[in-house]
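What follows is a set of notes on a single structure, which appears directly below.
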Amino acid sequence: DVPVTCFRDTYTMYPIQTWNSVESLYGSAQLRHRVAWALSQIWVTSGVDIQQSRHMVEYHKVLSQNAFGNYRDLMYQMTLHPTMGEYLDMVRSTRNNPNENYARELMQLFSVGLFRLNQDGTLILQNGEPVPTYTQEDVNNLTKVLTGWTFCNLAASCPNIVSGAVNHIDPMRLNTNNHDLTAKTLLTYPGSTTT
């Protein structure tokens, strides 16, 4: 009985599911937890790929802390979160072996979407067809921007490092040796200004 409980409490999503349900129904910050849950439906990861509940708890904390905050801050923290890095392969994306999974999902699901929209939310059409928000070239360039990020493994700057274990708690760190340093152009639209 003890090994079954140990496995359930360490290597399944049972602890975070239980905690989230209790907090959402009875906690003092119900609205915050419900908004965090809604954000988790956009900023998705997988309990199959990220098997330790503790890692998912840390991921949920970022969603919860940003539930009423600035979306750009949330996007930055989610981009550098090791759970997202593991799930969408950014942690393995190097300048010699770039992986476009996170770059594509960042644009398609987490920010601009597939098609450009008018101010009222209707599709911008050209010759009767929706205008894409980005091209494969945009994906390629953003993929290059996101190369070189890896799990935090320096004791001086990673307070949650545990010897022999992957650090799924501290934000990922940039390994400049694996980062693409070439010039990149991202998402330029007619009438937009660059900063």
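Here are the numbers for this structure:
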item: Equivalent ellipsoid semi-axes, the chain, via Cα gyration tensor eigenvalues times 5, rooted, Å; result: 33, 24, 14
item: Selected from 133, 31, 109, residue furthest toward positive end of dipole (the chain; charges at beta carbon); result: 31
item: Value of Rg/Rh across region 133-195 [Cα atoms, Kirkwood radius]; result: 1.15
item: Pairwise centroid distance, computed over Cα atoms, of region 127-195 with region 37-61, Å; result: 20 Å
item: Evaluated at q = 0.22, 0.23, 0.30 Å⁻¹: base-10 log I(q)/I(0), Debye formula over Cα of region 74-131; result: -0.83, -0.87, -1.20
item: 13 Å beta-carbon shell around residue 59, net charge (K/R +1, D/E -1); result: -2
item: Accessible carbon and sulfur surface of region 25-146 relative to its total accessible area, %, 1.4 Å; result: 50 percent
item: Orphan Cys of the chain, criterion: no other Cys C-beta under 4.7 Å; result: 6
item: Where labels lie 7 Å past Cα in the beta-carbon direction, separation of residue 177 and residue 46 in nm; result: 3.1 nm
item: For the chain, size of Cβ-based charge dipole, Lys and Arg +1, Asp and Glu -1, in debye; result: 280 debye
item: Probe 1.4 Å, accessible area per residue of the chain, Å²; result: 61 Å²
item: Area accessible to solvent at residue 105, 1.4 Å probe radius, in Å²; result: 50 Å²
item: Computed Kirkwood radius, in angstrom, where 1/r is averaged over Cα pairs of region 10-123; result: 15.4 Å
item: Region 17-115: chymotrypsin sites (Phe, Trp or Tyr not before Pro) in DSSP coil with no more than 13 other Cβ atoms inside 10 Å; result: 68
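The values are calculated or read from the model by the stated rules, or taken from the named source; none is laboratory data. Owing to the predicted nature of the structure, the values given are computational and were not obtained by experimental measurement. With ideal geometry, Cβ positions are generated from the backbone for all residues, glycine too; neighbour counts draw on all protein chains shown. To get the accessible areas, we keep the full protein, side chains included, count just its heavy atoms, and leave off ligands, DNA and RNA. Shrake-Rupley method; radii C 1.70, N 1.55, O 1.52, S 1.80 Å.
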